[in-house]
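The values are calculated or read from the model by the stated rules, or taken from the named source; none is laboratory data. What you see is a predicted model; the values in this text were computed from it and never measured. Positions of Cβ are generated from backbone atoms using ideal geometry, with glycine treated the same way; all protein chains shown enter the neighbour counts. Just so you know, the surface numbers come from the protein's heavy atoms only, side chains and all, with ligands and any DNA or RNA stripped out. Shrake-Rupley method; radii C 1.70, N 1.55, O 1.52, S 1.80 Å.
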Amino acid sequence: MGEWRTMRPGLERLVRELAKFGAVGALGFLVNVAIFNLCIHTFQLAPIRSGVISQVVAIGTNYLGNRYWTYRHIDKNRIHRETVLFFLFSGAGLVLENGILALSHYGFGYTSPLADNIAKNVIGLAIGTVFRFWAYRTWVFKVGARAAADTDAGTDVGPASEQAREARPGDEPAGAGSGGVRFAVEPAGSAGGGRVDVGGLAAEEQREDRRQLLK
């Protein structure tokens, strides 16, 4: 039971991530299929060329959706590196999808529009999607365990939050007071109950010093 409670936040985060990634992927799929068939039937382009063009446009759509929705909480300071990796792994996915299309069309001789769509937009897309999801979350939009936990809790880990934590009175060292004067109050009933230390001297000692001076 304890292990399930420990794993549950991570599983819930993964499910939310998959749902968003799937929604973005569905939009990219529609763009991909529409442009692929437009290139083949309207512009009479070759299947592989049509597949490359349609997928390049879909990759751009997927990047915007994942960057600004699925992984919008990830640090944007390394956006140049992130963009390079995104298009690198998306290019690898493009090769996978169109490689299966080429194998079906030219290798096995399935040249009908239906066969081309099944090879590219069903089989190739399924394999490419699994690969891209793994690559994006592992290398492109990488997030550490602490940042993920803070995202689950809905907390802000930015500089303002750090300053707020530093400024909390409860974080001051025990026994520290303003102006370098220390006040230490012991619990009632203890051997030195009610004693107040001022500047490191007990109040009783100060009273004794005053009595010695008045003698």
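Data overview
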item: ³J(HN,Hα) computed for each position of the range 125-140 - Karplus, 6.51 cos²θ - 1.76 cosθ + 1.60, integer Hz, glycine/proline x; result: 5, 4, 5, x, 5, 4, 5, 5, 4, 4, 5, 5, 6, 8, 10, 7
item: Computed accessible area, Ile123, all protein chains, 1.4 angstrom probe, square angstrom; result: 80 Å²
item: The range 59-69 - phi-based ³J(HN,Hα) in whole Hz, Karplus 6.51/-1.76/1.60, Gly and Pro as x; result: 5, x, 5, 5, 4, 4, x, 6, 5, 9, 9
item: Sites matching chymotrypsin sites (Phe, Trp or Tyr not before Pro) across the range 1-72 that sit in DSSP coil, with at most 14 neighbouring C-beta atoms within 10 Å; result: Phe43
item: Residue-wise HN-Hα coupling along the range 15-32, computed from phi with Karplus coefficients 6.51, -1.76, 1.60 (Hz; x: Gly, Pro); result: 5, 4, 5, 4, 5, 5, 4, x, 5, 5, x, 5, 5, x, 4, 4, 4, 4
item: Amide H partners (placed H, <5 Å) of Leu45, local residues excluded; result: Ile40
item: Proximal charge balance of Gly22 [Cβ under 12 Å; K/R count +1, D/E count -1]; result: +2
item: Ordering of 124-132, 6-14 by packing [mean C-beta count within 10 Å, highest first]; result: 124-132, 6-14
item: Rounded percent of accessible protein surface that carbon and sulfur make up, the range 1-140, 1.4 Å probe; result: 71 percent
